[in-house]
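Step one of this worksheet: look at the structure below.
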Amino acid sequence: MLRSSPLKRAFEDLRPYLWPILALLVISLSAVPTALIFPLPIKLLVDSVLGSQPVPGYLTIFVGSQVSKSLAISLAISILLGAAVLTYLQNLVNVWYSNKVGNRMTLDVRARLFRQMQRLSIAYHDTMGASDSAYRTLNDAPMLRSFGIDNIIPLTTSILTLAAMILVMVYLDWQLALIALLVSPLMFILTVAFRPRIRAGWRKYRASESAAMEVAQESLSASRLVKSYGQEERKNQQLVSHYSESLSAQLKVQVDSAFYSLLVGVVTASGLAAVLYIGIGHVQAGILTLGSLLVVNYYVTQLYTPLRNVGASILDIQMSLTGVERYRAVLDEKPDVPESPNALSLARAKGQIAFRKVSFEYTKDHPVLQDVSFTLSSGSCLGVVGPTGSGKTTLSTLMLRLFDPTEGPITLDDIDLRDYKLADLRNQFAVVHQETVLFSTTVAENIRFARPSATLDEVIAAANAAKAHDFITSLPNGYDTLVGERGMKLSGGERQRISLARAFLKNAPILILDEPTSSLDVHTESAILDTIQELMKDRTTLMIAHRPSTLRNCNMILMIENGRVTRMTTEVESVISGMQATGVQT
């Protein structure tokens with residue numbers, strides 16, 4: 001199915017804001033009558049005060065046919081002051097309402113993007129990178145506002161202002177109006193010629209900016225590694241290279257835009273000169289009054305302003321459409337793990353899990369798991385051992401439905417995982433990873449991440465269960481202590497205890513322990529294992545083991561190699577003894 005054009009899709013995204021946009025358009029169009037009124041005081045002063053011409057007929061409705069020079073002066077000043085006040089009032093209302101509507105649009109698009117990005121698969125984020133997603137959320141999302149509020153409305157206003165001024169000029173002198181309009185085809189040709197160049201330039205600029213942001217984010221988040229290998233200058237050169245590309249693209253766009261403005265300026269100046277030249281002849285011939293020529297000259301000047309604005313808005317729209325195209329590409333992505341339309345609700349599972357001839361591959365023809373079958377009874381603990389890269393962690397990602405099997409079903413309580421609501425399914429699991437992930441917030445909020453509605457008393461109870469309460473209360477601000485980016489203000493053991501407290505707080509029926517002690521020293525591991533044993537009580541547990549000591553509380557051992565199950569046994573002590581004898585590190 002072919003995707004519709006970015007322009008059409010931008011208008012589709014504007015549809016929910018139709019009434020606010022129409023209201024904003026009415027506010028913008030209220031400036032048109034004021035713009036038409038502005039030159040009238042000049043005509044009055046030149047023709048009816050300095051000259052002997054009568055007051056224009058459309059004004060006699062308000063002041064009568066007999067108008068003294070003093071009354072004409074007062075009328076001219078009143079019109080000038082009234083038009084100025086109306087102009088500034090209109091601008092005030094326009095700025096307030098356009099920002100109110102525009103900010104709402106940007107917030108809505110960012111929320112849609114972030115919600116979609118969280119729905120997309122791990123594979124998508126591994127491919128695109130977090131920085132690209134962040135760039136699209138921060139810098140591409142506002143382009144809908146730019147398109148609808150900052151470009152389409154001014155473009156529409158300029159076109160209608162242009163039409164109104166043409167009608168007035170035709171009324172005053174149709175020949176001068178025709179001469180003034182002769183430049184329009186040239187401006188249209190210039191706009192069409194420059195539009196694709198501007199669009200391509202903005203597209204390259206945004207891609208380079210995103211790439212530079214990715215280098216900066218990755219380098220700063222991995223600053224320890226970068227410094228350890230002395231690669232600061234290399235990363236700096238990569239950043240400079242990407243930003244140089246973006247600045248070159250931006251400069252090219254700006255030069256193209258300036259050259260376009262130069263050509264438009266030459267065309268409009270030529271049209272204005274022609275109008276003045278012929279207009280003077282019309283004044284000398286008595287076809288026009290001097291005041292009328294000044295009014296025509298004002299309208300011609302103002303006529304070219306909306307003409308230039310039309311062209312500029314069309315070029316600016318290219319930048320906006322580039323952003324719309326980029327964020328729409330994310331919204332068009334289909335989740336690799338879709339939810340069934342008739343998905344089943346699940347309050348709390350019993351916890352029986354079964355793999356039935358399950359195979360899985362991240363990329364085609366490169367299997368990670370092949371024909372894996374086993375049953376994990378409710379309340380039991382299964383230890384999974386095997387060499388690095390054998391597919392151990394993939395088992396847990398499939399249980400969480402971060403991916404779906406290529407072949408074979410995985411069931412929970414005898415129902416295929418794909419038949420459950422995703423949120424309900426994942427709510428049945430508590431996960432403790434080898435690499436503890438903490439957020440740059442307080443200790444309490446990191447524990448509460450498992451259950452945001454939890455009270456502080458419940459958080460403290462979970463911390464006590466994880467034997468984390470003592471070290472937390474010794475921190476400078478206790479539970480309100482900020483842990484730093486990725487929890488780097490805490491030791492590895494402290495981070496892992498917070499992760500265990502998080503699992504206690506969630507109180508899920510199924511527990512996944514993915515090598516939870518492999519990054520800890522032996523002393524810290526021993527203390528953590530006691531806490532893990534408490535956490536495992538009355539829960540179905542999948543223990544992905546790195547060290548033999550973590551397997552002691554398992555009921556069964558599943559050995560996996562090259563994605564295949566090579567052995568499944570209840571002889572736990574025998575497996576542990578064999579691992580210790582051979583010094584195997586799985």
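Observations, loosely collected:
- Residues that are assigned to a helix (DSSP H, G or I), at pLDDT below 80 and farther than 30 Å from GLN175 by Cβ do occur in the stretch 295-317.
- Among the conditions (1) modelled with pLDDT of 75 or more; (2) assigned by TED's automatic domain parsing to the domain that holds ILE42; (3) out of contact with any helix residue (DSSP H, G or I) (no Cβ under 9 Å at 6 or more places or on another chain), the only one that PRO341 does not satisfy is (2).
- Residue match in the stretch 426-438 (condition: closer than 27 Å to LYS364 by Cα, touching a residue at least 60 places away in the same chain (Cβ under 8 Å) and under 29 Å from the mean Cα position of the chain (by Cα)): no
- Residue in the stretch 22-31 that is at pLDDT below 90, surrounded by 15 or more Cβ atoms within 10 Å (Cβ to Cβ) and not in a helix (DSSP H, G or I) present: yes
- With respect to (1) within 27 Å of ARG119 (Cα to Cα); (2) more than 33 Å from the chain's Cα centre (by Cα); (3) among the polar types (S, T, N, Q), the lone exception for THR442 is condition (2).
- Restricting the stretch 463-500 to residues that are basic (Lys, Arg) and touching a residue at least 40 places away in the same chain (Cβ under 8 Å), the residue that is farthest from ALA430 (Cα to Cα): ARG486
- Leading residue by the ranking (nearest to VAL384 (Cα to Cα)) among those in the stretch 495-519 that are surrounded by fewer than 20 Cβ atoms within 10 Å (Cβ to Cβ) and at pLDDT below 85: SER518
- Selected residue (only one of VAL443, VAL459 is of a type in the set (A, V, I, L, M) and in contact with a Ser or Thr (Cβ under 8 Å, 6 or more places away or on another chain)): VAL443
- The residue of the stretch 386-439 that is surrounded by the fewest Cβ atoms within 10 Å (Cβ to Cβ), among those that are assigned to a loop (DSSP other than H, G, I, E, B) and of a type in the set (Asp, Glu), is ASP414.
- Residues that are surrounded by 18 or more Cβ atoms within 10 Å (Cβ to Cβ), modelled with pLDDT of 80 or more and of a type in the set (Lys, Arg), drawn from the stretch 536-571: ARG539
- Residues (touching a Pro at 6+ places or on another chain (Cβ under 6 Å) and within 30 Å of THR363 (Cβ to Cβ)) located in the stretch 67-119: ARG119
- A single entry from ALA343, ALA349 fulfils the requirement of being under 17 Å from ASP419 (Cα atoms) and crowded, with 17+ Cβ neighbours inside 10 Å: ALA349.
- Among the residues of the stretch 139-157, some residue qualifies, meaning at least one is of a type in the set (Asp, Glu), crowded, with 20+ Cβ neighbours inside 10 Å and modelled with pLDDT of 75 or more.
- Qualifying residue in the stretch 134-153 (condition: farther than 24 Å from PRO16 by Cα and not charged (D, E, K, R)): yes
- With respect to being surrounded by 19 or more Cβ atoms within 10 Å (Cβ to Cβ), at pLDDT 70 or above and either over 30 Å from THR157 (Cα atoms) or not assigned by TED's automatic domain parsing to the domain that holds LEU400 (or both), ASP108 falls outside the description.
- Verdict on ASP457 being modelled with pLDDT of 90 or more, in a helix (DSSP H, G or I), touching a strand residue (DSSP E or B) at 6+ places or on another chain (Cβ under 9 Å) and not aromatic (Phe, Trp, Tyr): no
- Candidates VAL267, VAL275, VAL255, filtered to the one that is at pLDDT 75 or above, more than 24 Å from the chain's Cα centre (by Cα) and crowded, with 19+ Cβ neighbours inside 10 Å: VAL267
- Looking only at the stretch 440-458, residues that are in contact (Cβ under 8 Å) with a residue 40 or more places away in the chain, surrounded by fewer than 22 Cβ atoms within 10 Å (Cβ to Cβ) and more than 22 Å from ALA347 (Cα to Cα) come to 3 in all.
- Residue satisfying condition, being part of a helix (DSSP H, G or I), farther than 30 Å from LEU400 by Cα and not assigned by TED's automatic domain parsing to the domain that holds ARG401, within set TYR124, TYR97: TYR97
- Checklist (1) among the charged types (D, E, K, R); (2) crowded, with 17+ Cβ neighbours inside 10 Å; (3) at pLDDT 85 or above applied to ASP480, failing item: (2)
The values are calculated or read from the model by the stated rules, or taken from the named source; none is laboratory data. Computed from a prediction, not measured in an experiment: that's the story for all the values here. Cβ coordinates were reconstructed from backbone atoms using ideal geometry, including for glycine residues, and neighbour counts include every protein chain displayed.
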